[in-house]
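**Q** One structure follows; several queries about it will come next.
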Amino acid sequence: MTSRLARTAALVLTAALLVFTPAQAGTDDDPNDVLGTWSFRTKPYRGGECLMTGTMYLTPHPDKGQYTCELTAVEVCSQWGRSVVRQSCKARRFGNQLSVRSEIEEMLEAKVEGLIYVPDNFTLTIESADRMFGALVSAVTAPAEFRRSSDGIS
């Protein structure tokens, strides 16, 4: 009986810590705010034949926990070459999670004539003020890492 009581007390204490710990990000004075320019890179996918890099620029949205963004993706595949795609996106933040949903605005460079390019969506975890990690969730799924850009682009 005592071990059951100890286990119950431990569970209650753990739940209280989760509720009252100030770990949930998203307040106005949050040092991990995600606004600004980010560079990203996926791990190789399609059997190691493709890799995606790019930039994402997050700007404020009137609704709390939401952002407007622009994303430029550069996909290079050994099978069919390189594509550069400018996309508009909306991001929604839930604590330290960020969901990015994109729409294609313009194909700046096409890998193959007539090939359909699917918008690039991401599901990310905000680790710090300058790193997010998660996954590309699009025509394929691949691990992705986002780093805050600190230098200008020329």
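The values are calculated or read from the model by the stated rules, or taken from the named source; none is laboratory data. Since the model is a prediction, treat every value here as computed from it, not as a measurement. In this analysis, Cβ positions are derived from the backbone assuming ideal geometry, glycine residues included, and neighbour counts consider all displayed protein chains.
**Q** What single numbered condition from (1) surrounded by 14 or more Cβ atoms within 10 Å (Cβ to Cβ); (2) out of contact with any Phe, Trp or Tyr (no Cβ under 6 Å at 6 or more places or on another chain); (3) not aromatic (F, W, Y) fails to hold for E145?
**A** (2)
**Q** Every residue in the range 63-101 that is exposed (fewer than 15 other Cβ atoms within 10 Å of the Cβ), closer than 21 Å to V140 by Cβ and acidic (D, E), please.
**A** none
**Q** Is one or more of the residues making up the range 64-71 modelled with pLDDT under 95 and not in a strand (DSSP E or B)?
**A** Looking through the range 64-71, at least one residue is modelled with pLDDT under 95 and not in a strand (DSSP E or B).
**Q** Just name the residue that is nearest to C69 (Cα to Cα) out of those in the range 106-152 that are without any contact (Cβ under 8 Å) to a residue 60 or more places away in the chain, out of contact with any Gly (no Cβ under 9 Å at 6 or more places or on another chain) and among the polar types (S, T, N, Q).
**A** Among those residues, the one meeting the criterion is N121.
**Q** Here is a further query. I'd like the residue in the range 44-55 that is under 14 Å from the mean Cα position of the chain (by Cα) and more than 12 Å from T141 (Cα to Cα) and, out of all such residues, is surrounded by the fewest Cβ atoms within 10 Å (Cβ to Cβ).
**A** By that ranking, first place goes to T53.
**Q** For the range 124-142: of the residues being more than 15 Å from K43 (Cβ to Cβ) and of a type in the set (S, T, Y), which is nearest to the chain's Cα centre (by Cα)?
**A** Looking at the filtered set, the residue picked out is T125.
Matching residues to (1) within 14 Å of D33 (Cα to Cα); (2) over 11 Å from the mean Cα position of the chain (by Cα); (3) at pLDDT 95 or above; (4) not in a loop (DSSP other than H, G, I, E, B):
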position	(1), (2), (3), (4)
Y57	yes, yes, yes, yes
R82	no, yes, no, yes
R86	no, yes, yes, yes
R93	yes, no, yes, yes
E103	no, yes, yes, yes
I116	no, yes, no, no
A144	no, no, yes, yes
D151	no, yes, no, no
